[in-house]
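Take a look at the structure below.
The values are calculated or read from the model by the stated rules, or taken from the named source; none is laboratory data. Just so it is clear, the model here is predicted, and its values are computed rather than measured. Here the Cβ is made from the backbone with ideal geometry for all residues, glycine too, and neighbour counts use every protein chain on show.
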Amino acid sequence: MRIGSVTLPGRVVAAPMAGVSDLPFRELARELGAAMVCTEMVSAEALVRRSGRTRALMRYAEGERPVSMQLFGGRPAVMAEAARVLCDHGVDLIDINMGCPVRKVVKSGAGAALMREPTQAAAVVAAVVAAADRPVTVKMRAGWDATSMNAVAVARACEQAGAAAVCVHARTRGDGFGPQRRYDVVAAVKAALTIPVIGNGGIDSPAAAMHVLAECACDAVMVGRAALGNPWIFAAIRAALRGAAPPVVTLGARRQALLRHLARAVEVHGEQLAVRRMRKHLAWYLHGLRDGHRVKEALQRLDSAAEVAAAVARYFDRLATVEATSGCAAVEVGE
Ligand SMILES: Cc1cc2nc3c(=O)[nH]c(=O)nc-3n(C[C@H](O)[C@H](O)[C@H](O)COP(=O)(O)O)c2cc1C
């Protein structure tokens, strides 16, 4: 699949997730089969003010390439300036957020607010495209709410303004992150555009990915929450696309991924922040494992990376012994 000048090595990509898709998460997702990963959203306004926190969000590793960095903002001139900074920073693609439902973001005219202002949305895209000498993509929702599902109109406007691809989250801003899956809207956007369309929302298994690819005829799928604690979902979907069975995820592979994720988080964020950020990842990784809930609680109370790593190693040793002696799989649910 190609997005402008960038070729993706597959049809399943990882979703941008603020507070989650940091550098260690993205590296792991990419290594385990995601064809592209995207940074957490970065405020264009903060970026042009050179905020230190924003700079931290912009860190990436060469192994992630193609690097897609997501901007949010509603003012074309500021978005253009931010895009120039991202180009100097060496990213491969710039993604524009038109889906964020957070009140503060929407009030500033950014995120999902742009779904209500197709002309402004197109102006933002045009400004970023003019400023950036690399592909610009847009991640949007199906619409603002059930009474204004205008993704087709907004996507057309974005394409005309120079977007190289769009990703459609199959929910409106009003749907939040609930059970609604408006894949008919993704299909309608795909039918209306000539640029690649990525389908997103509720894709939590290889079967779901195959269903969305078939029903929407979209070019790729994007997985968000189903990859939390389960970065192997990318390889499983890739296997399904080849007609193959998903790779088996052994206890050893889980343990290794978790410990590597922790170690990389310490390198990237420093120990204190890494241990804090890893608490939610630990809970996700242990979900569905025997006694996982009890261990999760104990892990939340630890403050040093060495203590967390030792507790994780002890827990997985115990699981391996149980598996070996009882012949029962340590994975209880969710597989
Ligand atoms: C914790 C969290 C943070 C998110 N942050 C972003 C973000 O920064 N930018 C964005 O475009 N979407 C963001 N999203 C939306 C996801 O990219 C995705 O569109 C949504 O979760 C639907 O996909 P899923 O059903 O596979 O999770 C976020 C979602 C979650 C759960």
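List the number of the failed condition for ARG59; all other conditions in (1) basic (Lys, Arg); (2) surrounded by fewer than 19 Cβ atoms within 10 Å (Cβ to Cβ); (3) part of a helix (DSSP H, G or I) hold.
Result: ARG59 passes all but (3).
Restricting attention to the stretch 158-194, which residues are more than 21 Å from ALA110 (Cα to Cα), among the basic types (Lys, Arg) and either without any contact (Cβ under 8 Å) to a residue 40 or more places away in the chain or outside the structural domain of VAL212 (by TED's automatic domain parsing) (or both)?
ARG181, LYS190
Here is a check on your reading of the model: is ALA240 touching a Cys at 6+ places or on another chain (Cβ under 9 Å) and touching a residue at least 12 places away in the same chain (Cβ under 8 Å)? Steps first, please.
Values: touching a Cys at 6+ places or on another chain (Cβ under 9 Å): no; touching a residue at least 12 places away in the same chain (Cβ under 8 Å): yes.
So ALA240 does not fit the description; no.
Are any residues in the stretch 84-109 among the aliphatic types (A, V, I, L, M), free of Cβ contacts under 8 Å to residues at least 40 places away in the same chain and touching a strand residue (DSSP E or B) at 6+ places or on another chain (Cβ under 8 Å), and if so, which ones?
Result: VAL105, single match.
Which of the residues belonging to the stretch 1-35 are small (Gly, Ala, Ser) and part of a loop (DSSP other than H, G, I, E, B)?
If the condition is that a residue be small (Gly, Ala, Ser) and part of a loop (DSSP other than H, G, I, E, B), then GLY4, SER5, GLY10, ALA15, ALA18, GLY19, SER21, GLY33, ALA34, ALA35 are the ones that fit.
Test each condition in (1) away from the ligand (no atom under 14 Å from the Cβ); (2) in contact (Cβ under 8 Å) with a residue 40 or more places away in the chain; (3) of a type outside the set (Lys, Arg) for VAL223 and report the one that comes out false.
VAL223 satisfies all of (1) away from the ligand (no atom under 14 Å from the Cβ); (2) in contact (Cβ under 8 Å) with a residue 40 or more places away in the chain; (3) of a type outside the set (Lys, Arg) except (1).
So GLY10 passes all but one of these: (1) within 14 Å of the ligand (Cβ to nearest atom); (2) within 25 Å of ALA226 (Cβ to Cβ); (3) touching a Gly at 6+ places or on another chain (Cβ under 8 Å). Which condition number does it fail?
GLY10 satisfies all of (1) within 14 Å of the ligand (Cβ to nearest atom); (2) within 25 Å of ALA226 (Cβ to Cβ); (3) touching a Gly at 6+ places or on another chain (Cβ under 8 Å) except (1).
Would you confirm, using the coordinates I've provided, whether SER108 is within 16 Å of the ligand (Cβ to nearest atom), over 30 Å from ALA235 (Cα atoms), of a type in the set (S, T, N, Q) and in contact with a Ser or Thr (Cβ under 7 Å, 6 or more places away or on another chain)?
When the stated conditions are applied, SER108 does not pass them.
Given the conditions (1) within 16 Å of LEU32 (Cβ to Cβ); (2) out of contact with any helix residue (DSSP H, G or I) (no Cβ under 9 Å at 6 or more places or on another chain), and given that VAL221 satisfies all but one, which numbered condition is not satisfied?
The one condition VAL221 does not meet is (2).
Do the conditions hold for ALA146, that is, is it in contact with a Ser or Thr (Cβ under 8 Å, 6 or more places away or on another chain), assigned to a loop (DSSP other than H, G, I, E, B) and at pLDDT 95 or above? First the steps, then the outcome.
Details: in contact with a Ser or Thr (Cβ under 8 Å, 6 or more places away or on another chain): yes; assigned to a loop (DSSP other than H, G, I, E, B): yes; at pLDDT 95 or above: yes.
When the stated conditions are applied, ALA146 passes them.
Give the residues of the stretch 57-78 that are within 15 Å of the ligand (Cβ to nearest atom) and touching a residue at least 40 places away in the same chain (Cβ under 8 Å), sorted by residue number.
Residues satisfying the conditions are SER68, GLN70, LEU71, GLY73, GLY74.
Take ARG276 and decide whether it is basic (Lys, Arg), touching a residue at least 12 places away in the same chain (Cβ under 8 Å) and within 16 Å of the ligand (Cβ to nearest atom).
The answer is no for ARG276.
Would you say VAL268 is closer than 28 Å to VAL6 by Cα, assigned to a helix (DSSP H, G or I), within 16 Å of the ligand (Cβ to nearest atom) and not acidic (Asp, Glu)? Can you show your working first?
Values: closer than 28 Å to VAL6 by Cα: yes; assigned to a helix (DSSP H, G or I): yes; within 16 Å of the ligand (Cβ to nearest atom): no; not acidic (Asp, Glu): yes.
In short, no.
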